[in-house]
Amino acid sequence: MPSANFLVLNPTVLSYVFAAALLLSLLIKFWLNGRQVRHVMRHRDTVPAAFAATVPLAAHQKAADYTVARARFGLLSLAFNAAVLLGWTLLGGLDLLNSALHGLGWSPMAYQLSLLAAFALIGGLLDLPFELYSTFRIEQRFGFNRMTWKLYLADSLKGLAVGALIGLPIAALILWLMGAAGPYWWAWAWGAWMGFNLLILVLYPTVIAPLFNKFEPLADESLKQRVQGLMARCGFAAKGLFVMDGSRRSAHGNAYFTGIGAAKRVVFFDTLLARLNGAEVEAVLAHELGHFKHKHVLKRMLTMFALSLAAFALLGWLSAQPGFYLAFGVQPNLDGRLPNDALALLLFLLVLPVFGFFFTPLGSLLSRRDEFQADAYACAQASGADLASALLKLHEDNAGTLTPDPVYARFYYSHPPASERLAAIAAH
Ligand SMILES: [Zn+2]
């Protein structure tokens, strides 16, 4: 019976659309990366006029070399990741893994969880050489890495244990809902996923982060008073001020807020406090408070909630289509003995980012707009001059380039390029 139901997925069409999207995204990524490398190299030997008085040529050149080294390495991992993605999907890797596991006679849940775990382990192993090279070669060469092999190993084992402890129960819950909650399982699964995310937000600062770092209450009295004065001025309550031993792993500095509601805490990396004076720390914190005051954090969370609802609804539709599996090289289990839910989840997580990539510039644009707003807030609540000098120091310490390719920066940068940011701060 011929039927023209366009709601039935045609696997051939879908696999061509996927291959075309992957190819196009690769072309864009390679083109942008090439632009960035050429632009940075062209400006390597001259500090931009606006920074000539504040940034030494050697620091500018180090930033250029670091940027180029990361971009070149990025090309290699791009190509590798695309090959791995093709290997899992069109070349039949996931199908191979699936057929190895589904003949073992395990219970449906054990089979599905083992599929997810095996996939995650293989993916982690494939990534490992790249992570090691990035940490122990590139970061090391530019003097940023403080990680020892011993610490790296301890981190990996702890990460694996925490991942299994947290990941397997939520995966089991979602898989169970997929099988047992009827045609609208995706709405229930979304609810479970949101609840899980909120739980992690609460648990992260007090339970998970302390597994990896030491948090000590901020001891510097004068800085504490300065920071508390700022928070009182801004009408902001936090549970505590902490210093984290970020220097155990990296020389990069940072400050952040974690937690929600009354459990919020402010965390300073020790590397940040070592580098900035009190007024500069205050200005950086004022910038972070600006994100809260403008509700950027809340808006981002709500956006994430809405997008994940759409994603679960899409998965709800796709997972019921045999064409969805066939398009990506997987034979679904059709005998009804074993569910296809874990397969659907994996395929979805593999394929979705290929299409999501094309929205990167939009996300970057919105993020940069937030950064400008937070800077403006910091200029009103603290000193713009201190914020500018703090940003410049952090920029130099992180070897961020002052001369990014404009197109590359528009596409990827979540923070405005230093020149634009400092010009906006100076104008306040
Ligand atoms: Zn910010």
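Here Ala21, Ala59 are screened, and the one residue that is within 29 Å of the chain's Cα centre (by Cα) and under 26 Å from Phe136 (Cα atoms) is Ala59. Do we have Leu285 as touching a Cys at 6+ places or on another chain (Cβ under 8 Å), farther than 21 Å from Pro183 by Cα, open to solvent by less than 20 Å² (accessible area, probe 1.4 Å) and within 16 Å of the ligand (Cβ to nearest atom) here? No. For segment 80-119, filtering for residues that are assigned to a helix (DSSP H, G or I), closer than 23 Å to Ala19 by Cα and either in contact (Cβ under 8 Å) with a residue 40 or more places away in the chain or open to solvent by less than 40 Å² (accessible area, probe 1.4 Å) (or both) leaves 13. From the list Ala310, Ala279, Ala255, Ala251, the lone residue that is more than 16 Å from the ligand (Cβ to nearest atom) and modelled with pLDDT under 90 is Ala251. Of Val243, Val207, Val266, all but one fail to be of a type in the set (Val, Ile, Thr) and loosely packed, with under 14 Cβ neighbours inside 10 Å; the exception is Val207. Within segment 312-326, is even one residue under 30 Å from Gln228 (Cβ atoms) and out of contact with any strand residue (DSSP E or B) (no Cβ under 9 Å at 6 or more places or on another chain)? No - not one qualifying residue is present in segment 312-326.
If the condition is being under 31 Å from the mean Cα position of the chain (by Cα) and at negative phi, then segment 224-239 contributes Lys224, Val227, Gln228, Leu230, Met231, Cys234, Phe236, Ala237, Ala238, Lys239.
Looking across segment 184-204, the residues that are open to solvent by 70 Å² or more (accessible area, probe 1.4 Å), closer than 26 Å to Pro339 by Cβ and touching a residue at least 60 places away in the same chain (Cβ under 8 Å) come down to Tyr184, Trp193.
Would it be correct to say that Ala424 is open to solvent by 20 Å² or more (accessible area, probe 1.4 Å), assigned to a helix (DSSP H, G or I) and within 16 Å of the ligand (Cβ to nearest atom)? Considered against the rule, which asks whether it is open to solvent by 20 Å² or more (accessible area, probe 1.4 Å), assigned to a helix (DSSP H, G or I) and within 16 Å of the ligand (Cβ to nearest atom), Ala424 comes out as yes. Considered as a group, the residues in segment 403-419 that are more than 21 Å from Val281 (Cα to Cα) and in a helix (DSSP H, G or I) include one that is farthest from the ligand (Cβ to nearest atom), and that residue is Val407. Pairs meeting the criteria (first residue in segment 355-383 and within 25 Å of Ala232 (Cβ to Cβ) and open to solvent by 70 Å² or more (accessible area, probe 1.4 Å), second residue among the hydrophobic types (A, V, I, L, M, F, W, C) and more than 9 Å from the ligand (Cβ to nearest atom), beta carbons under 9 Å, at least 6 apart or on different chains) are Ala380/Ala286. Scanning segment 23-71 for residues that are hydrophobic (A, V, I, L, M, F, W, C), assigned to a helix (DSSP H, G or I) and farther than 30 Å from Phe355 by Cα yields a count of 9. In segment 136-183, of all residues being among the hydrophobic types (A, V, I, L, M, F, W, C) and touching a strand residue (DSSP E or B) at 6+ places or on another chain (Cβ under 8 Å), the one that is surrounded by the most Cβ atoms within 10 Å (Cβ to Cβ) corresponds to Phe144. A count restricted to segment 368-402 and to residues that are within 16 Å of the ligand (Cβ to nearest atom), outside any helix (DSSP H, G or I) and closer than 22 Å to Asp45 by Cα stands at 2.
The values are calculated or read from the model by the stated rules, or taken from the named source; none is laboratory data. Keep in mind that what you see is a predicted model, and the values were worked out from it rather than measured. Note that each Cβ is placed from the backbone with ideal geometry, even for glycine, and that neighbours are counted across all protein chains shown. Note: areas computed on protein heavy atoms with side chains; ligands, DNA, RNA excluded. Shrake-Rupley method; radii C 1.70, N 1.55, O 1.52, S 1.80 Å.
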